[in-house]
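Only one structure is covered here, and it is reproduced in the block below.
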Amino acid sequence: MIAPLLAVAVAALGWSSVVASVEIEAIRRALLRSTASSPRPDGVRVLVIRPCAGLEPELDRTLASLAEASRSFEVRCRFAVENASDPALPAAERSVASLALRGIEASVVLTSAAAPNRKAAQLAAVIAREIEPFDVILIADSDVDLAGTDLDALVAPLAIAGGPDAAWAPPVELGTPQTTADRASAALLGASLHAFPLLAGLDPRGLVGKLFAVRRSALAAIGGFDAFTAHLGEDMEIARRLLARGGAIVAAPVIARSMAGGRSWDEAVGRFARWLGVIRAQRPLLLPSYPALFFATPMILAIAMIAAPGAPAIAFAAAVIAVAARLAVALVAARASGRPVGLGRALVESALADALLAAAFARCLRTRHVVWRKGVLTIERTGLVREGR
């Protein structure tokens, strides 16, 4: 029995070493990430669009926060609301008045958006109605607090001739957690290898659409937002098409501060299962990396425990490497996300994040149906989505 357990222990040690190597490289790149102030994107005309749907925590604050952002360019802002019965409309209207007092031209656009991807449809409807010219479109989801955010970091790279076509801000959750699910979600996005401030350094092909800017000409060249209304992950498809035509994408040295909160465990699992469904449909080769890298630590520890009676030293080494690297990731990711934590909290958040991602992965494999804004979508094998089951 010793020989099989020895093989299991060696496998656990090899797995933990590989995962630790990736985590260390992610940490290295995050620590080297530039935080230099951004150049001024002089003369760039920017259209800010904030797609809205339903009530969200601190909605008045987040929608009006453009006035508190740091920027050196002129903007006009559009709040995209599907119809007059949407609960987000009153907050959007109040934010129009608030921004006007700060000298920012803003309005609400009732989009009548009807497509599987409501967000893409709303964005397309807003752009189609704009008459005044603009060079860059800046999208900020309604739960993002822009106060203090350096928007020049997103726009300035796009103002450089021959520069990238799009720039995005890694999202983190900084709202006050109300539930265990809120804590787990914040930990997943701010204390794990899946924390986008870390992941941005590992995946140069990525783009997360919570807060991003794109050149208008580049977006038009890939079909505009109309082309993404049947894709669950419009941001991922935008990235794929921009790169396919020889463009470039950069992660800006700022974060997108989400105020999301008040979620149940099932809602949190569903949210990340939807993200994994996008991966499964649009970048399927990445899907195996989730159990292999992103929530590997609990499985490595389980294998090490099984192997310990036959090869205690090797099993112990595998466990130590796995835990030490995982905690280092949690500490660095939390710091990069603007929410530094101590060792004890890092341990708790590591466990919460891994449990949430594992549950989401299991749901992603079990079904192609996802819930988005209370509507059910089915992810087809082609990667497109349709409404209903």
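All of the numbers you see were taken from the coordinates with simple rules; none came from a lab. Every value quoted in this text rests on a predicted model; they were computed, and no experiment measured them. Quick reminder, even Gly has a Cβ in these numbers, built from the backbone with ideal geometry, and neighbours come from all protein chains shown.
Points to keep in mind about this one:
- Cα convex hull of the range 32-168, projected area averaged across orientations, nm²: 9.2
- Size estimate for the range 37-111 follows the Kirkwood approach: the inverse of mean 1/r over distinct Cα pairs works out to 12.9 Å.
- The residue among A124, L110, A161 whose Cα reaches farthest toward the positive pole of the charge dipole of the range 92-203, with charges on the beta-carbon of Lys, Arg, Asp and Glu, is L110.
- Axis of helix 180-190 versus longest Cα principal axis of the chain: the two differ by about 90°, to the nearest ten degrees.
- Degrees separating the helix 297-307 axis from the principal Cα axis of the chain, which is the longest one: 10
- Rotationally averaged projected area of the range 171-260 (alpha carbon convex hull; nm²): 6.5
- Residue with peak Gaussian network fluctuation, the chain [Cα springs, cutoff 10 Å], from R263, R61, R245: R245
- Sorted into 10 angstrom bins from 0, the C-alpha pair distances of the range 243-309 split as 15, 25, 39, 16, 5, 0 percent.
- For the range 219-232, putting each phi into the Karplus relation 6.51 cos²θ - 1.76 cosθ + 1.60 with θ = phi - 60° gives couplings of 5, 4, 5, 9, x, x, 5, 4, 6, 10, 6, 10, 9, 5 Hz, in residue order, rounded to whole numbers and with x for Gly and Pro.
- Working from label points 7 Å from Cα in the Cα-to-Cβ sense, the A161 to D266 distance is 5.8 nm.
- Eigenvalues of the alpha-carbon gyration tensor of the chain, scaled by 5 and square-rooted, set the equivalent ellipsoid semi-axes at 38, 22, 20 angstrom, largest first.
- For the range 29-90, GluC sites (Glu not before Pro) are listed when DSSP marks them as loop and at most 13 other Cβ atoms sit within 10 Å of their Cβ; the list is E74.
- Modelled spin labels at R368 and L110, positioned 7 Å past Cα toward Cβ, are 3.7 nm from each other.
- Phi angles across the range 73-86 convert, under the Karplus curve 6.51 cos²θ - 1.76 cosθ + 1.60 with θ = phi - 60°, into 3J(HN,Hα) values of 10, 7, 9, 10, 10, 10, 9, 8, 10, 5, 7, 5, 8, 5 Hz, Gly and Pro given as x.
- R0 of 30 Å, Cβ-Cβ distance I306-T176: FRET efficiency to nearest 0.05: 0.15
- Here the Kirkwood formula puts the hydrodynamic radius of the range 268-389 at 16.2 Å, using every distinct Cα pair.
- Folded to 0 to 90 degrees: helix 265-282 orientation relative to the chain principal axis, Cα: 80
- Rounded to 5, the percent of DSSP beta bridges in the chain classed as antiparallel: 45
- Alpha carbon centroid spacing (whole Å) that separates the range 97-148 from the range 62-93: 7
- Scaled radius of gyration (Cα, divided by 2.2 N^0.38 Å) that the range 1-88 gives: 2.06
- With a cut-off of 13 Å between beta carbons, the residues surrounding L146 carry a summed charge of -1, where Lys and Arg count +1 and Asp and Glu -1.
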